[in-house]
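See below for the structure under consideration.
Any read-out appearing in this document is the output of simple, stated calculations on the displayed coordinates, not a laboratory observation. For clarity, every value in this text was computed on a predicted model and none was experimentally measured. For neighbour counting, all protein chains shown are included, and Cβ atoms are generated from backbone atoms with ideal geometry for every residue, glycine included.
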Amino acid sequence: MIGVDFGGTGIKAGIVEGGRVLRSFDEPTPTTGRAEDVLDAIARAVLALTPKPESVGIAIPGEVDSEGRCWGLPNVPGFRGVNLGVRLSEKLGCPVAVENDATTAALGEYLCGHGTRFPSFLMVTLGTGVGGGLVLGGQLYPGANGFAGEIGHINVDRSEGAPPCGCGRRGCLETYTGTAALKRMFKTFGGYDVAGIKEIADNARAGGRAGLDTFQAMGEWLGRGLSAIQNTLDLNALIFTGGISNAFDLIEPSLRTALRENCVAEPLAEVPLVVSELGAQAGVIGAAHLPQLGA
Ligand SMILES: [Zn+2]
């Protein structure tokens, strides 16, 4: 089985067996602004693994409609209205299934990770963007238009000074829980400019006030957003993935407190909170299983 995780900066193709990536091939995502160049790079990555693929599944950094057309990719220009499945199927000579990356990671986790214990869960992606994929009653649920589980743009702050979001609105959950938000909050709390989240986590683990305050604030905002999800869906678990989830132990206490404050009933607030078992591999593993779903 072949899965491809196509992101804003890189394309990772892998041969998957069960829950493991046996062999993989990486290519940088072309930055020419032409979809054709990106599709060629994806095809090259797949063909580098096997000259005659039987079927391929692809995770993409955006949403797909029920016809397989892409609504447009926020970080890769040129894809509005492109049907990646049809175009790649022509290039590769085999069926190609396409799905949103967060939804695909949720599928990987459902089949091969923590999801095997939880029939209904939201897989929360914490990184540059904040998103999610939903499994309900043992079924992947992409939604009527492919947008299910995309929690990053839930409004959590209606105040006038709410931070602007990449989507053009203000006060979205992502503006308090994404990578840029953590860097901004770390400085506000008396920290300094950092290149990545690891520096903030190191500061917090060494007892630094700015680092500790940053993760505490992030956990509170995340808890407010996720309590709305819990009050609506009553899930068996919330599973976390993405770069920031490496610091999940620092976020969890205030996240749990916010869930207790905002969920309407105790069992909703005490939902298991776990970090993905598959980590960065969830996308490729989930993608490899997409063709079986007929996605
Ligand atoms: Zn937004």
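Assorted remarks:
- Annotation: amide H of Ile11 within the under-5 Å range of Glu27, Thr29, sequence separation 5 or more or interchain, hydrogens built in the peptide plane.
- Summarising the strand pairing of the chain, around 60 percent of its internal DSSP beta bridges are antiparallel.
- For segment 146-159, 3J(HN,Hα) per residue [Karplus equation, 6.51 cos²θ - 1.76 cosθ + 1.60, θ = phi - 60°, Hz, x = Gly/Pro]: x, 9, 4, x, 7, 7, x, 10, 5, 7, 10, 9, 9, 5
- Stretched out straight at 0.36 nm per residue, the stretch from Ala48 to Leu22 would grow longer than its current Cα-Cα span by 8.0 nm.
- Geometric descriptor of segment 240-295, per residue, is 115 Å³ (volume of the convex hull of the Cα atoms).
- Averaging Cα coordinates gives a centre for segment 84-154 and one for segment 186-209; these two points are 32 Å apart.
- Dividing the Cα radius of gyration of segment 119-276 by 2.2 N^0.38 Å, with N the residue count, gives 1.00.
- With contacts taken as Cα pairs under 8 Å and at least 6 residues apart, the chain reaches a relative contact order of 21 percent.
- Taking every lysine pair in the chain that is 8 or more places apart or spans two chains, those with Cα atoms closer than 20 Å amount to 5.
- Each Lys and Arg adds +1 at its Cβ and each Asp and Glu adds -1 at its Cβ; summed about the Cα centre, the chain shows a dipole of about 320 debye.
- Euclidean distance of C-alpha centroids, segment 37-59 and segment 227-295, integer Å: 30 Å
- Quarter of Cα convex hull surface for the chain, i.e. mean projection, nm²: 15.0 nm²
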